[in-house]
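Derivation of every value follows stated rules applied to the coordinates shown; laboratory data play no part. Everything quoted here is computed from the prediction, not taken from an experiment. Every residue, glycine among them, receives a Cβ derived from its backbone with ideal geometry; neighbour counts consider all protein chains shown.
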Amino acid sequence: MFKQLKKITRALHIPTVEEREIAYLNGSVDRIDLEYRQRQIDRGLFRRDL
């Protein structure tokens, strides 16, 4: 019973802004790409809706 509820909860989970930012940074392929992505986040790429 609780396993099913846990699965449903995970399926309906909406990633937070922080989780989206971390996932975006983790997708970088090298240091230059990482620095570019950090600048994008600093400029508000993921926080436009706030």
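Helix 2-11 axis versus longest C-alpha principal axis of the chain: approximately 30°, rounded to the nearest ten. Look at the dipole of the chain built from charges on Cβ: of GLN4, PHE46, VAL29, the Cα furthest out on the positive end belongs to GLN4. Take the alpha carbon gyration tensor of the chain, find the square roots of its eigenvalues, order them as a ≥ b ≥ c, and report rounded if a/c is under 1.5; if not, report prolate when a/b exceeds b/c, else oblate. Verdict is oblate for the chain.
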